[in-house]
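The structure under discussion appears below in the form of C-alpha cells.
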Amino acid sequence: MAKNLIIFDGSNFYHKAKRLAPNVHLSNFNYGKLSEILTGSNENDIEYCVGEIKPKKSDDPSADLYAGQQKLFYYLQQQKVVVKKGFMLKTQGVYHEKGVDVRIATDIVRGALKNEYDICYLISSDSDLLPAIETAISAGKKVIYVAFEGNIVSKALAVNSSSVVFITKSMIENGAI
C-alpha cells in the first residue's frame, strides 16, 4: 500500500473551499474524510499549514481571530491532522502570511528524500512550490496537484505535477460535519 502525505495550504484551502461551498463552516470540517476521498485510503498522514495569528492585546480584533484559529487547531489535532505554523506579518496595516510556503516545500522535499511518503497530495495553487515538486518527482515520488473545480488551475503546477485531481463542491459539502 502506498504511503500518502496530504498537505493542506490552510489559507489557500479555506478561500477556495468557501468560494466553492460558502455555507460550509470549515472549523467543523472532516479533513480526514476529504483525504480518504482523494487518496482512496484511510491510511494518510495529513498536514495543515497556516500562518498563526497572535493577538496584540485582549481588546484587539485579532483576539477573536486568534480564538477561532486556536479552536480550529484543536479540532484538527483531534482528527490527527498535524498543524504546521508559519506566522503573520503586518506591513502597512495589512497582514501577510509568512513561512508557510517554505514549510510546505521543506516537507515535500524532506519527505521525498527520507522516503516518508510515496504520493504527496498538494492542496495549494502556489507555483513557488515548483522546485520542491520537481525535487520530489526526481526522487521517484508522485506529487498530485489538488485543484478546486470552478477555479483557475495553476498551469505550472498542472504541467509539472504527476497528475491533477479536483476537489468538487459535493466533496466539501460531504466533509461538513
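The values are calculated or read from the model by the stated rules, or taken from the named source; none is laboratory data. Note that this is a predicted model, so its numbers are computed, not measured. Here the Cβ positions follow ideal geometry from the backbone for every residue, glycine too, while neighbour counts run over all protein chains shown.
Out of the stretch 79-123, which residues are among the polar types (S, T, N, Q) and closer than 19 Å to residue 14 by Cα?
Scanning the stretch 79-123 gives a single hit, 79.
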Taking the stretch 1-51 and keeping only residues that are touching a residue at least 12 places away in the same chain (Cβ under 8 Å) and of a type in the set (D, E, K, R), one is left with 3, 9, 16, 19, 33, 43, 45, 47
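What number of residues in the stretch 71-100 are in contact with a Gly (Cβ under 6 Å, 6 or more places away or on another chain) and either in a strand (DSSP E or B) or aliphatic (A, V, I, L, M) (or both)? Give the steps one after another, and end with the answer.
The first filter runs over the stretch 71-100 and keeps only residues in contact with a Gly (Cβ under 6 Å, 6 or more places away or on another chain), leaving 79, 86-88, 97-100.
Cutting the leftovers down to either in a strand (DSSP E or B) or aliphatic (A, V, I, L, M) (or both) gives us 86-88, 97-98, 100.
Of the residues in that region, 6 qualify.
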Here are the criteria: (1) out of contact with any Leu (no Cβ under 7 Å at 6 or more places or on another chain); (2) more than 15 Å from residue 120 (Cα to Cα). Tell me which single one residue 42 does not satisfy. (2)
Among all residue pairs at least 6 apart or on different chains, which show Cβ distances below 6 Å where the first residue, located in the stretch 90-110, is touching a residue at least 12 places away in the same chain (Cβ under 8 Å) and the second is surrounded by 11 or more Cβ atoms within 10 Å (Cβ to Cβ) and in a helix (DSSP H, G or I)? 97/11; 101/128; 105/129; 105/132; 108/132; 108/136; 109/132; 109/135
Output the number of the condition that residue 121 fails; it satisfies all remaining conditions of (1) in contact (Cβ under 8 Å) with a residue 40 or more places away in the chain; (2) in a loop (DSSP other than H, G, I, E, B). (2)
Quick check on residue 143: is it outside any loop (DSSP other than H, G, I, E, B), surrounded by fewer than 21 Cβ atoms within 10 Å (Cβ to Cβ), at pLDDT 95 or above and not small (Gly, Ala, Ser)? no
